[in-house]
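S.K.: Handing you this structure, nothing more for now.
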Amino acid sequence: MSDRHAGDAGAVGGGGHPPSPRRSIINVTDLWVALIILTGVGILWYHSTTWAEIPAFVQRGLAPSLFPRIWLGLIGAMALFLPFEQYLQGERGKELNKDRSKPIKPITYLTMLVMVPIAASMEWLGSVVVILLITVVLPLIWGERRMRILIPYVILFPPAVIVLFKFAFKVNFEPGLIGLGFK
């Protein structure tokens, strides 16, 4: 009887396979990310309730407080699903942790370093100039050098964004000090 397990020394459980780890429905890393996003959404939502004067770019079309809250609500709703993403993906969800173990690429920080000042300058430069700057600068810092792609993109994308938001969503564009804007 003692010979029964002699050939599988070190085996765990029946059959020599280690027990599969219990798969959690919630990914703790994603939970923290979702909590940070939801905290930001909450702060911005509260901030939108304190506006004494409504910014000009949201005065027409939707109710002034509704437009930013729609976006904040969508971001919050997506963040609620984030901790469950790995579980909902099934077998493909196992790959998520492998991808997340890689360090964040420096281009991510460079993008943030470039985007924050450009976005913060919207009040002075105006919405249209900021859209143009972002359209030109981001592809260049990301390494795009093919002019046959860049030129049509820079010519067509900003007007498409402006037309969509101006006419479909009735959003006014802050003119800034330069005066390029659409009311």
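No value in this document is a laboratory result; all are computed from the given coordinates. Quantities reported herein were computed from a predicted structural model and do not represent experimental measurements. Glycine also receives a Cβ, built like all others from the backbone with ideal geometry; neighbour counts cover every protein chain displayed.
S.K.: In whole Hz and in residue order, list the ³J(HN,Hα) couplings for region 30-35 that follow from phi through the Karplus curve 6.51 cos²θ - 1.76 cosθ + 1.60, θ = phi - 60°; x for Gly and Pro.
M.R.: Values per residue, Gly and Pro as x: 5, 4, 5, 4, 4, 5 Hz.
S.K.: List, in order, the whole-Hz ³J(HN,Hα) value for each residue of region 151-164 obtained from phi through the Karplus relation with A = 6.51, B = -1.76, C = 1.60 and θ = phi - 60°; use x for Gly and Pro.
M.R.: 5, x, 4, 5, 7, 9, 5, x, x, 4, 5, 5, 4, 4
S.K.: Long-range amide H contacts for I26: which residues qualify at under 5 Å (H placed 1.01 Å from N, peptide plane, sequence gap of 5 or more or a different chain)?
M.R.: The answer is none.
S.K.: For K170, which sequence-distant residues (separation of 5 or more, or a different chain) have an amide H within less than 5 Å of its own amide H, given hydrogens modelled in the peptide plane?
M.R.: Those qualifying (amide H under 5 Å, at least 5 residues apart or on another chain) number zero.
S.K.: Taking θ as phi - 60°, what are the ³J(HN,Hα) couplings along region 87-94 by the Karplus curve (6.51, -1.76, 1.60), each to the nearest whole Hz, with x for Gly and Pro?
M.R.: Coupling constants for region 87-94: 5, 5, 6, x, 4, 5, x, 5 Hz.
S.K.: As an exercise, identify the trypsin sites (Lys or Arg not before Pro) in region 77-161 lying in DSSP coil whose Cβ has no more than 12 other Cβ atoms within 10 Å.
M.R.: Answer in residue order: R145, R146.
S.K.: Based on the alpha carbons, how large is the Rg to Rh ratio for region 113-165 when Rh follows Kirkwood?
M.R.: 0.99
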